[in-house]
Amino acid sequence: MIDVLVAGGGPAGLAAAVHAALRGLETVVVEPRAAPVDKACGEGVMPSGAAALRALGVEAPGHPLRGIRYVDGPRSVTADFRGGTGLGVRRTVLHAALHRRAADLGVRFAPGRVGTVVQDTDGVTAGEWRARWLVAADGLHSPLRRTLGLALPARPVVRYGLRRHFHVSPWSDHVEVHWSRHGEAYVTPVGEGLVGVAVLSRERRCYDEHLASHPALAWLSGAAPASAVRGAGPLLQRTRARTAGRVLLVGDAAGYVDALTGEGIALGLATAEAAVRCLAAGRPRAYEAAWRRLTRRHRLLTYALLLAGAHPAGARLVVPAARALPGVFAGAVRALQ
């Protein structure tokens, strides 16, 4: 019987595997896709996430990020991070670095999916695998979350994301969030001559139409694309709990509010570490409280911004409000970093 079986080889699952291996636990990651795995995301890692990667011994080349800039037409407001820099990094580059670190530590990889899960007092049986613990890191639409009865019903108002890269030189070392009545666009420098732009909205439109709703970014439609458009959603995923016996949910599988504040990777890394720490201590139930503590500020601020941007008039007030209260805006950015 192995110690830890990880279902899902994305950043959260790989981080959990690395943490487990560093604690001397025999670990297997089950993932159907070949590495590196791409995904539609903003690709900005907050300073806490960049520090967590360094603590794992993971080196992922990218572009340093100094802070966040909100933009609405000619108006903008900027808040720098305090005490560290973030990292703009291509998702495939980050995934490859985590995968390489896990393999170097002796983590084994198996192609496929974890299907039916049967638990008893000593362990978990999932397909051909028998493990003391199962970490479910199988993504935003986690099948394991559903089969374990931990998923809550979806809400009628949903948001979706689309992302594409462009062969252009980064013009800022900040993540830019461009607001409009149709949604937001997130501009992240991810390397030399490479910028990623993700759009989030309740409206189901093609990527170019979303880009055109942000006048300051409309020129990118004529730039050379560096990747195909990738999509994700619905983004909001509600979860009853993060633990079910010997199974713990981490990353997006544990529940997701929205990508609006850009904390997905940092929170995935933090919850993975917390889950393994609880398992190593033989206290899986303690993970629920740890998850709530780690994600509380993110959930509160994200819900507040979603409420503010729920209507076109509210969305157009976000940047003016941040400009009028720069200290509050800076405090919010630093609280999330």
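The C-beta contact set for the range 258-285 (first residue aliphatic (A, V, I, L, M), second residue in a loop (DSSP other than H, G, I, E, B), distance under 6 angstrom, 6+ apart or interchain) comprises ALA259/GLY42; ALA266/MET46; ALA272/VAL250; ALA275/VAL250; ALA280/ARG23.
Can we say ALA185 is in contact with a Lys or Arg (Cβ under 6 Å, 6 or more places away or on another chain), of a type outside the set (Asp, Glu), closer than 27 Å to LEU300 by Cβ and in a strand (DSSP E or B)? Answer is no for this residue.
Scanning the range 280-294 for residues that are surrounded by fewer than 24 Cβ atoms within 10 Å (Cβ to Cβ) and under 29 Å from GLY67 (Cα atoms) yields ALA290, ARG292, ARG293, LEU294.
Evaluated against (1) within 30 Å of PRO225 (Cβ to Cβ); (2) in contact with a helix residue (DSSP H, G or I) (Cβ under 7 Å, 6 or more places away or on another chain); (3) modelled with pLDDT under 95, SER142 falls short on exactly one condition, (1).
Checking the condition part of a helix (DSSP H, G or I), within 27 Å of GLY67 (Cβ to Cβ), among the basic types (Lys, Arg) and modelled with pLDDT of 80 or more, which residue from ARG277, ARG334, ARG297, ARG323 passes? So that I can check it myself, show each step before the final result.
Values: ARG277 fails: within 27 Å of GLY67 (Cβ to Cβ); ARG334 fails: modelled with pLDDT of 80 or more; ARG323 fails: modelled with pLDDT of 80 or more.
Exactly one of ARG277, ARG334, ARG297, ARG323 is part of a helix (DSSP H, G or I), within 27 Å of GLY67 (Cβ to Cβ), among the basic types (Lys, Arg) and modelled with pLDDT of 80 or more, namely ARG297.
Pairs are defined by a Cβ separation below 8 Å, a sequence spacing of at least 6 or placement on different chains, a first member in the range 127-146 that is surrounded by 24 or more Cβ atoms within 10 Å (Cβ to Cβ), and a second member that is among the acidic types (Asp, Glu); the pairs so defined are TRP133/ASP3; SER142/ASP252; LEU144/ASP138; ARG145/ASP138. Of all residues in the range 61-72, at least one satisfies being among the charged types (D, E, K, R) and in contact with a helix residue (DSSP H, G or I) (Cβ under 9 Å, 6 or more places away or on another chain).
What do you reckon, is LEU150 modelled with pLDDT under 95 and within 21 Å of the chain's Cα centre (by Cα)? Yes, satisfied. The strands (runs of 3 or more DSSP E) falling completely within the range 1-113 that include 1 or more residues that are closer than 21 Å to ALA185 by Cβ and hydroxyl-bearing (Ser, Thr, Tyr) map to 67-72, 75-80. A single entry from GLY24, GLY49, GLY57 fulfils the requirement of being within 26 Å of ASP138 (Cβ to Cβ), touching a residue at least 24 places away in the same chain (Cβ under 8 Å) and more than 16 Å from the chain's Cα centre (by Cα): GLY57.
I need a count of the residues in the range 77-92 that are more than 17 Å from the chain's Cα centre (by Cα) and either surrounded by fewer than 18 Cβ atoms within 10 Å (Cβ to Cβ) or without any contact (Cβ under 8 Å) to a residue 24 or more places away in the chain (or both).
Of the residues in that region, 4 qualify.
For the range 217-269, filtering for residues that are surrounded by 19 or more Cβ atoms within 10 Å (Cβ to Cβ), assigned to a helix (DSSP H, G or I) and not small (Gly, Ala, Ser) leaves 6. Scanning the range 130-158 for residues that are of a type outside the set (D, E, K, R) and assigned to a strand (DSSP E or B) yields ALA131, TRP133, LEU134, VAL135, ALA136, ALA151.
One residue stands out among those in the range 165-200 that are over 14 Å from ILE68 (Cα atoms) and touching a helix residue (DSSP H, G or I) at 6+ places or on another chain (Cβ under 6 Å): the one that is surrounded by the most Cβ atoms within 10 Å (Cβ to Cβ), which is VAL199. Quick check, is ASP38 in contact with a His (Cβ under 8 Å, 6 or more places away or on another chain) and either at pLDDT 95 or above or surrounded by fewer than 16 Cβ atoms within 10 Å (Cβ to Cβ) (or both)? It is true that ASP38 is in contact with a His (Cβ under 8 Å, 6 or more places away or on another chain) and either at pLDDT 95 or above or surrounded by fewer than 16 Cβ atoms within 10 Å (Cβ to Cβ) (or both). Looking across the range 93-116 at every residue that is at pLDDT 95 or above and β-branched (Val, Ile, Thr), the one that is farthest from LEU25 (Cα to Cα) is identified as VAL93. Can you name every residue in the range 201-213 that is touching a His at 6+ places or on another chain (Cβ under 8 Å) and either within 24 Å of VAL77 (Cα to Cα) or buried (at least 24 other Cβ atoms within 10 Å of the Cβ) (or both)? Selection gives SER201, HIS210, SER213.
The values are calculated or read from the model by the stated rules, or taken from the named source; none is laboratory data. Being a predicted model, the structure only gives us computed values, none of them experimental. As a convention, Cβ positions derive from the backbone with ideal geometry for all residues, glycine included, and neighbour counts pool all protein chains shown.
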